[in-house]
Amino acid sequence: MKLKVCGMRSLENAQELIEKVQPDWMGMIFYAKSARYVPEDAKVALAELPVNKVGVFVNSSLEEIKKCIKDFGLTTIQLHGDESVVFTKELKAQTGLEIFKVFAVKESIEWGVLEPYLPVVDYFLFDTFTKAYGGSGQVFDWHLLENYPFEKPFLLSGGLSIEHVADIKKLQNWLPQLAGLDINSKFEIEPALKDVAKIREFKKLVYN
């Protein structure tokens, strides 16, 4: 399984994370209402980081996304809003980058809604529904994934913490499509500042 650490903003914190944890992806949030929002003036510091950088967007325009790709050296786009299949397909065609499409889970999952996205995304990402588009620290009912009908790999997000290690391993055993974990708020000292030692411990427990 792969590891994505989301909600990064501090250059020093990111450098420590890369050195000590070596995540597969590092997420930066470009949604202005988020407490972990990355401002444009951070681009000089963050653009050259030697890691796969995921830009997290909520209903942004193609132009906005493409500008962030250029400014921050993004390798992956995470669509966390209500982006349509047509929009996602066009984004893929214009950028050629890896795309995660997020589906926020309430009390059920409508698989038919996901199906049209299969040809145009690289991973689905399941997160807990929140009006703030993530970062709630809340876990949804993972049993809703038991009937996941696709071969498309997906990432699990939503309040993941060290306390979930045993349950994550169980989930991985009966859902081989679970390709990675996306962690954020449960590993923070404050918004956008991660406890690298805690993340390192989590990675050892889950991935060894």
Checklist outcome for this item: Of the listed pairs LYS67/LYS92; LYS2/LYS106; LYS43/LYS70; LYS92/LYS152; LYS106/LYS203, those with alpha carbons more than 18 Å apart are LYS2/LYS106; LYS106/LYS203
Item to check | Mean-position separation - Cα centroids, region 16-43 and region 57-127, in angstrom | outcome: 17 Å
Item to check | Accessible area, probe 1.4 Å, largest first, for residues MET28, MET1 | outcome: MET1, MET28
Checklist outcome for this item: Expected max-MSF residue from GLY81, GLY55, GLY112 in the GNM of the chain (alpha carbon, under 10 Å) is GLY112
Checklist outcome for this item: With every protein chain in place, the accessible area of ILE99 for a 1.4 Å probe, in Å² rounded to the nearest 10, comes to 0 Å²
Checklist entry - Going out from 0 in 5 Å bins, what whole percent of all Cα-Cα distances in region 146-188 drops into each bin? => result 5, 21, 32, 23, 14, 5, 1
Checklist outcome for this item: One would report the antiparallel percent of DSSP beta bridges in region 56-208, rounded to the nearest 5, as 10 percent
Checklist outcome for this item: Given a 1.4 Å probe, the accessible area of the chain per residue, as a whole number of Å², is 48 Å²
Checklist outcome for this item: Excluding ligands, DNA and RNA, the carbon-plus-sulfur percentage of the accessible area of the chain with a 1.4 Å probe reads 49 percent
Checklist entry - Can you work out the base-10 log of I(q)/I(0) for the chain at q = 0.09, 0.10, 0.18 1/Å, using the Debye formula on its C-alpha atoms alone? => result -0.31, -0.39, -1.37
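The values are calculated or read from the model by the stated rules, or taken from the named source; none is laboratory data. For clarity, every value in this text was computed on a predicted model and none was experimentally measured. Calculation scope for accessible area: heavy atoms of the full protein, side chains included, ligands and nucleic acids excluded. Shrake-Rupley method; radii C 1.70, N 1.55, O 1.52, S 1.80 Å.
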